[in-house]
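Once you've had a glance at the structure underneath, I'll fire off some questions.
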Amino acid sequence: MTVAMIAAFAGVIALGALSPGPDFAVVLRQAAVSGRSRGMASAGGVAVGVFGWAVAAATGVAALLAASATAFTVVKLVGAGYLAYLGIKALRAATRRTDGPALTDGDGQLASVSVAFRQGLLCNVLNPKAAVFFVALMPQFLGTGAGVGQALILAVVAAAVTLLWFFVVANVVATLRRLFARRSVRRALDAVTGVALIGLGARLAVTRL
């Protein structure tokens, strides 16, 4: 495996990470609502999920999911339900009438770092489209007879590129957090991300192999 191949793989992963989707919505909302550390924690969860899918694709586990209509359907419905849950939570926050702190989650509390990490992780892991993506991508960079070491290198590269991008997103959004402290702006953000997450969940629910 050459440096050029690794760079090309990193480029493809970067393009995938840059595409707006559930991961982006979750990291953005956590950074805007709960701050830099929570946004970065969600980014870390997404990166761990990407690492897991890359390893699963290299070992053939993800291929089994992609090939099984039943397993694919179960994962996508659970993932769609989770996105809908996050979306409804955001919409609840948008409609809350309270004199308490503006920057809280849907339950009126700041999300903990562990909760933010878990949201990022589950958002990625429960997306079977990630399995299809890596099943299609990994064989193009892992030749026949490739060892475990090469697969792990690509998995680490995928996680690192994803982590870097979402760290940038979390930090850029966090610098604007004073803007999001305005209740009208915060409610607009919650409403937009809530609708987006529910829409992404609905789209995932109707996805076919």
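Take the stretch 61-74 and flag every residue that is within 24 Å of Leu163 (Cα to Cα) and either modelled with pLDDT of 80 or more or open to solvent by 60 Å² or more (accessible area, probe 1.4 Å) (or both).
Val61
Then there is this: Of Leu28, Leu15, Leu91, Leu83, which residue is in contact with a Gly (Cβ under 7 Å, 6 or more places away or on another chain), aliphatic (A, V, I, L, M), closer than 30 Å to Arg177 by Cα and open to solvent by 30 Å² or more (accessible area, probe 1.4 Å)?
Of the residues listed, the single one that is in contact with a Gly (Cβ under 7 Å, 6 or more places away or on another chain), aliphatic (A, V, I, L, M), closer than 30 Å to Arg177 by Cα and open to solvent by 30 Å² or more (accessible area, probe 1.4 Å) is Leu91.
Considering only the stretch 116-129, I want to know if a residue exists there that is farther than 26 Å from Met5 by Cα, open to solvent by 60 Å² or more (accessible area, probe 1.4 Å) and aromatic (Phe, Trp, Tyr).
Within the stretch 116-129, one or more residues are farther than 26 Å from Met5 by Cα, open to solvent by 60 Å² or more (accessible area, probe 1.4 Å) and aromatic (Phe, Trp, Tyr).
Go through Ser42, Ser68 for me and flag whichever is among the hydroxyl-bearing types (Ser, Thr, Tyr) and closer than 20 Å to Val172 by Cβ.
Ser42
For the stretch 177-196, enumerate the residues that are closer than 19 Å to Leu91 by Cα, open to solvent by 80 Å² or more (accessible area, probe 1.4 Å) and assigned to a helix (DSSP H, G or I).
Correct list: Arg183, Ser184, Val192, Val195.
Please specify each residue of the stretch 145-176 satisfying the condition of being open to solvent by 20 Å² or more (accessible area, probe 1.4 Å), modelled with pLDDT under 90, under 18 Å from Ser34 (Cα atoms) and assigned to a helix (DSSP H, G or I).
Within the stretch 145-176, Thr175 is the sole residue that qualifies.
The values are calculated or read from the model by the stated rules, or taken from the named source; none is laboratory data. Remember, it's a predicted structure, so these values are computed and weren't measured experimentally. Don't worry about glycine lacking a Cβ; one is built from the backbone with ideal geometry, like all the others, and counts go over all protein chains shown. Side chains included, ligands, DNA and RNA excluded: accessible areas come from the protein's heavy atoms. Shrake-Rupley method; radii C 1.70, N 1.55, O 1.52, S 1.80 Å.
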